[in-house]
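Have a look at the structure below before the remarks.
The values are calculated or read from the model by the stated rules, or taken from the named source; none is laboratory data. Source: prediction; values computed, not measured. Counting neighbours? That spans all protein chains shown, and the Cβs are built from the backbone with ideal geometry, glycine included.
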Amino acid sequence: MSAHGEPIPMTARRAGPLKGVAEVPGDKSISHRALILGALSVGETRITGLLEGQDVLDTGHAMRAFGAEVTHLGPGEWHVHGVGVGGFAEPEDVIDCGNSGTGVRLILGAMATSPVTATFTGDASLRKRPMGRVTDPLALFGAQAVGRSGGRLPMTIVGAADPVPVRYTVPVPSAQVKSAVLLAGLNARGETVVIEREATRDHTERMLTGFGADLRVGETEEGRVITLTGQPELVPQTIAVPRDPSSAAFPVCAALITEGSDVLVPGIGLNPTRAGLFTTLREMGADLTYENEREEGGEPVADLRARFSPDMKGIEVPPERAPSMIDEYPILAVVAAFAEGATTMRGVKELRVKESDRIAAMAAGLAACGAKVEEGEDWMIVEGQGPGGLPGGATCATHLDHRIAMSFLCGGFASKNPVTIDDASPISTSFPIFEALMEGLGAHLSRSNR
Ligand code: S3P
């Protein structure tokens, strides 16, 4: 059930082919960062194409609570009047980050080196997720955190009054942890150095540079070394948020598995740290092309064209590709069920600490739909049954996880029998127009469990 209301059961069934243009919303990762960096600069940042999903709206509320002015001007159009690095005021109330791990972890970083105290909470999913991965490095700056057992929310952070810069090697491949440390480093005098052994999404680095921070990236034997000079004056920006590749994944994959489909998904951000799914699908034999490749706002962008692909073959997904498609394994697992042969996904332990345990959720739901799935601590193998092969006819538990919800619904567009999910309400966290957009392409969704 969503934190904001009753669960919404939803059923997807086979209908006609999916055809048309799918205009998916703005990138969630970039939207969070645009609001936070806007709040940390002095003056007015203008944003267009902002994702108006609940996760991002919650980050906007948080930025207001820390003293920034956040104004909604029209669809996707927002202005943020920032307070500057080190300028956060103390919030009067608890900050509720809803379902968003990215929101809370980035904000923890952004406030940890200011002399303010704040308490954070979230929904039942977020309250289960580990925060120690962020509060451990923030303690090195001098911030103190007290949360529930296992470092879980609700949690109070006392920001460091006199922060020292840190040198930190991120122990898990996580853009959220990297970003939290960089955002904290903004208000520490001197150089903060973050080292990541595996490259993760680099939107924070790109955007910090765009806002005028002195940030250098070097590739060394240790990995990717990011050096940030503290206490810059960030300069407000005009940001056009590209459309989200992680949301594009759903109409793209639904088209690949649904007979007769041909869908164009325009203006999708194809930052190499995000585009691993599309590479994987093409290796599987998907009829997926990039049209009109260009650059927008410092990010590579293209129009994606996906057509029904009855000849997809299962593959072994290279584990080193995992960070660039970490949010896309649930929908890949669905596509794999419609390919010939096994698709092996290894090195995906991080999936166990997302909005839900995504390995367990996908394995259980796919098995209920008649797919052959095996799982281990950090792997999952889906044995495909070819085009149209997923039997379906089950109700899948979504565990407050938007991507699990959308993945099973996409499976239902092509499976022999309808697929029901117990709760579609979390979809609004990242893709509030999912239902209307998919129906516009010809999909059949109904808000009931029949
Ligand atoms: C995100 C990073 C990823 C991803 C999440 C968004 C970000 O998490 O799963 O949806 O915007 O930084 P991790 O960095 O924890 O892997």
statement: Only one of Gly53, Gly74, Gly67, Gly86 is small (Gly, Ala, Ser), within 16 Å of the ligand (Cβ to nearest atom) and not assigned by TED's automatic domain parsing to the domain that holds Phe413, namely Gly53
message: Please verify whether Asp262 is surrounded by fewer than 23 Cβ atoms within 10 Å (Cβ to Cβ), outside the structural domain of Val348 (by TED's automatic domain parsing) and modelled with pLDDT of 95 or more, treating the condition exactly as stated.
response: no
message: So, in region 164-188, how many residues would count as being of a type in the set (Ser, Thr, Tyr), away from the ligand (no atom under 11 Å from the Cβ) and touching a residue at least 40 places away in the same chain (Cβ under 8 Å)?
response: 1
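Yes/no per residue for (1) within 16 Å of the ligand (Cβ to nearest atom); (2) farther than 20 Å from Val301 by Cβ; (3) in the same structural domain as Thr48 (by TED's automatic domain parsing); (4) touching a residue at least 60 places away in the same chain (Cβ under 8 Å):
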{"position": "Gly190", "(1), (2), (3), (4)": "no, yes, yes, no"}
{"position": "Ile195", "(1), (2), (3), (4)": "yes, yes, yes, no"}
{"position": "Glu198", "(1), (2), (3), (4)": "yes, yes, yes, yes"}
{"position": "Thr209", "(1), (2), (3), (4)": "no, no, no, no"}
{"position": "Ala213", "(1), (2), (3), (4)": "no, yes, no, no"}
{"position": "Gly223", "(1), (2), (3), (4)": "yes, yes, no, no"}
{"position": "Gly230", "(1), (2), (3), (4)": "no, yes, no, yes"}
{"position": "Pro236", "(1), (2), (3), (4)": "no, yes, no, yes"}
- prompt: Out of curiosity, is Glu6 more than 16 Å from the ligand (Cβ to nearest atom), over 23 Å from Gln176 (Cα atoms) and acidic (Asp, Glu)?
  reply: yes
query: Of all residues in region 354-388, which are of a type in the set (A, V, I, L, M), within 26 Å of Arg307 (Cβ to Cβ) and outside any helix (DSSP H, G or I)?
result: Ala371, Val382
query: Is it the case that Leu138 is touching a strand residue (DSSP E or B) at 6+ places or on another chain (Cβ under 8 Å) and within 16 Å of the ligand (Cβ to nearest atom)?
result: yes
message: Given the options Gly16, Gly20, Gly74, name the one that is among the small types (Gly, Ala, Ser) and closer than 24 Å to Pro426 by Cα.
response: Gly74
- line: Exception for Pro272 within (1) in contact (Cβ under 8 Å) with a residue 24 or more places away in the chain; (2) away from the ligand (no atom under 16 Å from the Cβ); (3) surrounded by fewer than 18 Cβ atoms within 10 Å (Cβ to Cβ) falls at (2)
statement: Only unsatisfied item for Leu256, checking (1) farther than 26 Å from Ile427 by Cβ; (2) in a helix (DSSP H, G or I), is (1)
message: Restricting to region 347-370, count the residues that are surrounded by fewer than 21 Cβ atoms within 10 Å (Cβ to Cβ) and more than 13 Å from the ligand (Cβ to nearest atom).
response: 7
- prompt: Conditions: (1) surrounded by fewer than 24 Cβ atoms within 10 Å (Cβ to Cβ); (2) in a loop (DSSP other than H, G, I, E, B); (3) within 23 Å of the chain's Cα centre (by Cα). Pro391 meets all but one. Number of the miss?
  reply: (3)
- request: Answer yes or no: is there a residue in region 318-339 that is among the small types (Gly, Ala, Ser), surrounded by fewer than 20 Cβ atoms within 10 Å (Cβ to Cβ) and not in a helix (DSSP H, G or I).
  value: no
